[in-house]
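The values are calculated or read from the model by the stated rules, or taken from the named source; none is laboratory data. Computed from a predicted structure; not experimentally measured. Virtual Cβ from ideal backbone geometry, glycine too; neighbours counted across all protein chains shown.
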Amino acid sequence: MRTFLTLITIFLMVPLFSQPSGKEILNLIDKNLSAKTQIMTVKMVISGARGSRTIEFKSWAEGEEKAFTEYTNPAREKGTKMLKLEDKLWIFSPSTDRIIQITGQMLRQSVMGSDLSYEDMMEDPGLSSHYNASVTGSDTLQNRKCWILQLNAVNKGEAYEVRKLWVDQERSIPLKEELFGKSGKLLKRTQLYNITRIQGRWYPMKVVYKDMLKTGDGTQFIIESIKLDEIIPATIFSKASLK
Amino acid sequence: MIKFLIKGLLRDSHRSRLPLIVVALGVMLTVLLTTWINGVLGDSINMNAKLSTGHVKVITKAYRESMDQIPVDLSLTGTQEILSELRRDYPSVSWVERIEFGGLLDLPDSAGETKSQGPFAGLAVNFFDSRSGEAERLNLNKILIEGQLPRGPGEILVSHTFAKKLGISLLDKVTFIGSTMFGGMTISNYTVSGTISYGISALDRGSVIMDISDARKALDMEDACNEILGFNDIDYYDDAKATELMTSFNNNHQADNNEFAPVMIRLRDQNDLGGMIDLMDGVVGIISFVFILVLSVVLWNAGLVGGLRRYGEVGLRLAMGEEKGHVYRSMIAESLFIGISGSIIGSAAGLALSYLLQQKGLDLSGAMQNATMLMPGVFRTRITTEAYYIGFIPGILATLIGTMLSGIGIYRRQTARLFKELQLQ
Amino acid sequence: MLAFKLAFKNLMGAGLRTWLNVFVLSLALFMIVFQSGVIEGWNRQAKRDMINWEVGGGEYWHELYDPYDPLSLNDGHGNLPAEIGQLCRDGQAVPVLVTQASVYPEGRMRNILMKGIDPSQNIIQMPTADLKVDSAVINALIGTRMAKATRLGMGDLVTIRWRDANGTFDAAEIRIAGIFHTNVPEIDNNQVWVSLDNLQKMTGIGDQVTYIILKQGLISVPTVPGWIHKGYDSLFMEIDTIIKAKGVGGIVVYIILLSLALLAVFDTQVLTIFRRQKEIGTYVALGMTRWQVVWLFTVEGAMHSILSVIAAAVWGTPILYMVAKKGFGMPKGIEGYGLTIAEKIFPAYAAGTIITMTLIILITTTIVSFIPSRKIAGMKPTEALRGKIQ
């Protein structure tokens, strides 16, 4: 009887040995996506009740905690800049010459009418350092074989306690991510398309972000150009550069 | 004959003065009370109209569904076209555009960084075009606590409590952060030119009033607004007319099934005002009825006095062979004359007083803790069409009935006893 | 005493006219009592509703809590202080936790307040027992105003999203387990009520609460550092201001109505004196001084007011009583926004008002009766006796 159980256990464990661990996959993803710095120009397509709008911006990011965004189009938004340093977010609007910190209720508002809220913008942790991952299965997405990864937050205070990732088995890049509330309700969904080779990494050139609680088609981010690991002057990530 | 009677009335001041004064006084009070009730209750309704509901309001169908959240993204577009259609089809109504919106107001410190911040409800109206009449409509001069009304672009009014809470002083530069009609972010600077108090704490907690041109710029609403308000020329809500207007407009736009198609609603469809209108109609009706009743009693008395005072005269006339019917009729004719002239005098006096109170208002704010826009403390009468004739009903009717009743005595008198009665004279 | 007896007899003798005057006066009295009763009824009812539904016997607020500043909710809560904790265990108080949340009826986000309260409380009338129903999802209570605004009905499920004390997002379906109808908008507009345990678990906030409602009639309340006691004075300030303002507009109606009634008395008085000159002459001839006669006639006029009070009591009381039983529909406009106004006001007739108004009517009637009677003093008794018009 004991032998039988042992056999069963070994039998069940076989597939686990044949796949990388969740931790390994996360590391691979981070390696792929978390360039030291990123500079990109992005087109954001927001669909709403009155049709869709396109907003263009350029963004500079370093690590997880520093990001700077400058809107370039349309004329109305041109010159608006956002700076994120750790858990603080400032906005500069050229017409008012004011720097405003976004706090309180404002954080719950959507960014430029997209499905992304300021809160969502604030939240961007490197996955491997904040989450424990386990592989829960496999699936096929966009004709690519994927691992399904379940991520559970290591510490309290992460915006999303549970995430589910569909990771391309070959290229180690997520093709879909779902964010869940603490009690398991699906809140946000991100789908990544046009995976392209950039400076030796695989990178999604189109991302569709959707707030699952709202009606609508979600917001598309189309990366027009991207440069990784360029040195960004430290002055960019300071309030002085907002003005 | 009439000439003769009038001459008599004019010469014998006893015969005409007291009844005339009583009729005139009673009629005056009736007129005054009617205009007063219409004024005070109507004012309350009209304040609602002016501040938020209009007599009628044009909005989009989608906006109507979630009006309590004042969603700017469901606003009307192409408002110039809608406005010109409204002005063409309903020229007697004043049409004004309004934008109600929400956002954050941010006060910077000397370094330009956020010192304090708070959410507010904004109202954008057409200030700068004085033809719109919006500043008067909102009673802005009255509710202004400090400073002055905006004189040019970029100036706003902030509710006093809100300003105090954020630490805003006059002429401070403040920043508005909010969402445009398309959901984009908008940030703009304004100068606080004055502070206001509505006297309703729900509004005073956080309100901003600005010119619609500023709001359009900020909210990316060129040729758009979320509400077009219609006010009729009598400045007094007329339910029947509003209903007629609504039906006509909505029939014209029936085919348009787009969720952004314009649709008209009435004052009574908003803020639970239907109940207040029904009550007002009821109360005006009841009070007018009671007054007519009361006044009839008073004037009947006056008629009796008149009849009794002339007991001797009537006796003499009968003794001299005048027919009872003739005496009776001539007395009724006289009373008719008194009723008409008393009603004319009373109505004129009542209307004059009402007019004075309509223009100047009766300031009872001393009796109230704080006078405000919605409870202005200054009460006004309102002269409606009915005020012109309502006094005549009790004025003439009551005098006539009074005389008729008191005159019955004439028929009871017996010629045989007349001389005995007259001996006393 | 003779004057009173005589006056009464004379009035009765005058018949219909007396009764009409009395009716007019009583009508004025009735209207005044009615109107002030409605306003006083509103005042009492609003306060009673607020006590029953919202404020109980007063509240304790966390010192950082400001109901009109949503930002204050982040920090405006703390552990239940021991003194009050004991009151809560004894059923003398109930704590409430307030947090921000968003609901998504029909896929449109709406920022609201989520409030947690003990389902077995009996401090306020909210049917919190509905929250106890066994259910796989979180039970919630909303008011009728909120139900109308969100178009949610009994048993409906709706998504609610919130962040816990650490900032982690969470969302869940909540089931509308009860819709309560209250005249107090402050506990209805834009709010969702759940059980305190659930909310504390949902937000991971431990045993913290935002404010505490005390039981009605709790006489002595302890001072608790970090918590501010809110008595009726501050909780009722707004309603007191508005009630006062409402009363003022009515005064003018009283004055006009009363003037009309007094006009009727005056008019009658003139008529009476004119008619009864012979009688006046007789009185003087029999040895009364002229001022005694003036007094007699003044009393007779003033007697109208006494009769009118009786008449008002006879025909008015049943009506007033009926309205007080059945209620009076009260409309609301924007002035009513956020204010407690019952749909039906049950007038409350204050004894003070009735007595004051009765006295005012008595005095004014006496004055207008006296003015025409004064003429008697100038009459020549001999002429009067002959009935000659003077």
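Can you go through C:ILE280, C:ILE251 and tell me which one is more than 15 Å from C:ILE371 (Cβ to Cβ), free of Cβ contacts under 8 Å to residues at least 12 places away in the same chain and either touching a helix residue (DSSP H, G or I) at 6+ places or on another chain (Cβ under 6 Å) or in a helix (DSSP H, G or I) (or both)?
On the way: C:ILE280 fails: free of Cβ contacts under 8 Å to residues at least 12 places away in the same chain.
None of the others qualify; the one that does is C:ILE251.
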Looking at segment A:95-107, can you tell me whether even one residue there is part of a helix (DSSP H, G or I), within 12 Å of chain B (Cβ to nearest Cβ), buried (at least 18 other Cβ atoms within 10 Å of the Cβ) and within 15 Å of the chain's Cα centre (by Cα)? no
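Mind checking which residues of segment B:92-123 are farther than 18 Å from C:TYR68 by Cβ and under 30 Å from the mean Cα position of the chain (by Cα)? Before you say what the answer is, go through the steps one by one.
Step one: filter segment B:92-123 for residues farther than 18 Å from C:TYR68 by Cβ, giving B:92-101, B:108-115, B:123.
Matches in segment B:92-123: B:SER92, B:VAL93, B:SER94, B:TRP95, B:VAL96, B:GLU97, B:ARG98, B:ILE99, B:GLU100, B:PHE101, B:LEU123.
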Only one of these is surrounded by 16 or more Cβ atoms within 10 Å (Cβ to Cβ) and under 31 Å from the mean Cα position of the chain (by Cα): C:ILE242, C:ILE160. Name it. C:ILE242
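Would it be correct to say that C:ALA348 is surrounded by fewer than 19 Cβ atoms within 10 Å (Cβ to Cβ), part of a loop (DSSP other than H, G, I, E, B), of a type in the set (Gly, Ala, Ser) and at pLDDT 75 or above?
yes
Looking at segment A:179-188, which of the residues that are without any contact (Cβ under 8 Å) to a residue 24 or more places away in the chain and more than 8 Å from chain C (Cβ to nearest Cβ) is surrounded by the fewest Cβ atoms within 10 Å (Cβ to Cβ)?
Start the filter on segment A:179-188 by keeping residues that are without any contact (Cβ under 8 Å) to a residue 24 or more places away in the chain, which leaves A:179-185.
Then keep just the ones that are more than 8 Å from chain C (Cβ to nearest Cβ); that gives A:180, A:184.
Values: A:PHE180: 21, A:GLY184: 11.
Among residues in segment A:179-188 that are without any contact (Cβ under 8 Å) to a residue 24 or more places away in the chain and more than 8 Å from chain C (Cβ to nearest Cβ), the one surrounded by the fewest Cβ atoms within 10 Å (Cβ to Cβ) is A:GLY184.
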Just checking, how many residues over segment B:188-225 are buried (at least 22 other Cβ atoms within 10 Å of the Cβ), hydrophobic (A, V, I, L, M, F, W, C) and either away from every other protein chain (no Cβ under 12 Å) or not in a helix (DSSP H, G or I) (or both)? 10
Conditions (1) within 14 Å of the chain's Cα centre (by Cα); (2) within 14 Å of chain B (Cβ to nearest Cβ); (3) surrounded by fewer than 21 Cβ atoms within 10 Å (Cβ to Cβ): number failed by A:LYS164: (2)
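From B:GLY42, B:GLY103, which residue is in the same structural domain as B:GLY391 (by TED's automatic domain parsing), out of contact with any Ser or Thr (no Cβ under 6 Å at 6 or more places or on another chain) and either touching a residue at least 60 places away in the same chain (Cβ under 8 Å) or under 30 Å from C:LEU262 (Cα atoms) (or both)?
Details: B:GLY103 fails: in the same structural domain as B:GLY391 (by TED's automatic domain parsing).
On inspection, the qualifying residue turns out to be B:GLY42.
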I need the full set of residues from segment A:28-84 which are within 14 Å of another protein chain (Cβ to nearest Cβ) and assigned to a loop (DSSP other than H, G, I, E, B), in order please. A:ALA49, A:ARG50, A:PRO74, A:ALA75, A:ARG76, A:GLU77, A:LYS78, A:GLY79, A:THR80
Would you check if there is a residue in segment A:130-141 being in contact (Cβ under 8 Å) with a residue 24 or more places away in the chain, farther than 27 Å from A:ILE55 by Cβ, in a helix (DSSP H, G or I) and in contact with a strand residue (DSSP E or B) (Cβ under 7 Å, 6 or more places away or on another chain)? yes
With the first residue restricted to segment C:49-69 and required to be under 21 Å from C:ILE112 (Cα atoms) and within 14 Å of another protein chain (Cβ to nearest Cβ), and the second required to be charged (D, E, K, R) and surrounded by 17 or more Cβ atoms within 10 Å (Cβ to Cβ), Cβ contacts under 7 Å at 6 or more apart or on different chains are C:TYR68/B:ARG205
Tell me which residues, restricted to segment B:36-83, are charged (D, E, K, R), away from chain C (no Cβ under 13 Å) and over 15 Å from B:GLU100 (Cα atoms). B:LYS61, B:GLU81
(1) assigned to a helix (DSSP H, G or I); (2) crowded, with 23+ Cβ neighbours inside 10 Å all hold for B:ASP43 apart from (2)
Show the residue pairs meeting these rules: Cβ distance below 8 Å; 6+ apart or different chains; first residue within segment B:168-179 and touching a residue at least 40 places away in the same chain (Cβ under 8 Å); second residue crowded, with 22+ Cβ neighbours inside 10 Å and of a type in the set (Asp, Glu). B:VAL174/B:ASP106; B:THR175/B:ASP106; B:PHE176/B:ASP106; B:ILE177/B:ASP106
Enumeration of residues in segment B:226-251 that are under 17 Å from the mean Cα position of the chain (by Cα) and either more than 30 Å from B:TRP36 (Cα to Cα) or not in a strand (DSSP E or B) (or both): B:ASN232, B:ASP233, B:ILE234, B:ASP235, B:TYR236, B:TYR237, B:ASP238, B:ASP239, B:ALA240, B:LYS241, B:ALA242
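When you scan segment C:189-208, do you find a residue that is of a type in the set (S, T, N, Q), more than 21 Å from the chain's Cα centre (by Cα) and either more than 30 Å from C:GLY116 (Cβ to Cβ) or not assigned by TED's automatic domain parsing to the domain that holds C:ARG161 (or both), even just one? Write out each step before concluding.
Quick first cut of segment C:189-208, residues of a type in the set (S, T, N, Q) only: C:189-191, C:195, C:198, C:200, C:203, C:208.
Within this subset, residues satisfying the condition of being more than 21 Å from the chain's Cα centre (by Cα) are C:189-191, C:195, C:198, C:200, C:203, C:208.
From what's left, either more than 30 Å from C:GLY116 (Cβ to Cβ) or not assigned by TED's automatic domain parsing to the domain that holds C:ARG161 (or both): none.
No, because not a single residue in segment C:189-208 is of a type in the set (S, T, N, Q), more than 21 Å from the chain's Cα centre (by Cα) and either more than 30 Å from C:GLY116 (Cβ to Cβ) or not assigned by TED's automatic domain parsing to the domain that holds C:ARG161 (or both).
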Single match in B:GLY102, B:GLY118, B:GLY152 (criterion: touching a Lys or Arg at 6+ places or on another chain (Cβ under 7 Å) and either within 30 Å of A:ALA49 (Cα to Cα) or not in a helix (DSSP H, G or I) (or both)): B:GLY118
Which members of segment C:58-98 meet the condition of being small (Gly, Ala, Ser) and part of a helix (DSSP H, G or I)? C:SER72, C:ALA82, C:GLY85
Subset of segment B:385-412 [closer than 15 Å to B:ARG310 by Cβ and small (Gly, Ala, Ser)]: B:GLY402, B:SER406, B:GLY407, B:GLY409
Being assigned to a strand (DSSP E or B) and within 14 Å of B:HIS253 (Cβ to Cβ) is the filter here; which residues of segment B:76-99 pass it? B:LEU76
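Looking at this structure, is C:ASP188 within 14 Å of chain A (Cβ to nearest Cβ) and touching a residue at least 24 places away in the same chain (Cβ under 8 Å)?
Criteria not met by C:ASP188.
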Given A:GLN191, A:GLN199, which one is surrounded by 16 or more Cβ atoms within 10 Å (Cβ to Cβ), touching a residue at least 12 places away in the same chain (Cβ under 8 Å) and more than 13 Å from chain C (Cβ to nearest Cβ)? A:GLN191
In contact with a strand residue (DSSP E or B) (Cβ under 7 Å, 6 or more places away or on another chain), surrounded by 17 or more Cβ atoms within 10 Å (Cβ to Cβ), assigned to a strand (DSSP E or B) and among the small types (Gly, Ala, Ser), is that true of B:GLY183? no
Please work out which one of (1) surrounded by 12 or more Cβ atoms within 10 Å (Cβ to Cβ); (2) part of a loop (DSSP other than H, G, I, E, B); (3) at pLDDT 85 or above is the condition A:GLN19 fails and give its number. (3)
Go through (1) within 14 Å of chain B (Cβ to nearest Cβ); (2) in a loop (DSSP other than H, G, I, E, B); (3) modelled with pLDDT of 80 or more for C:GLY316 and report which single condition fails. (2)
Number of positions in segment C:74-109 that are under 25 Å from C:ILE174 (Cα atoms) and buried (at least 21 other Cβ atoms within 10 Å of the Cβ): 9
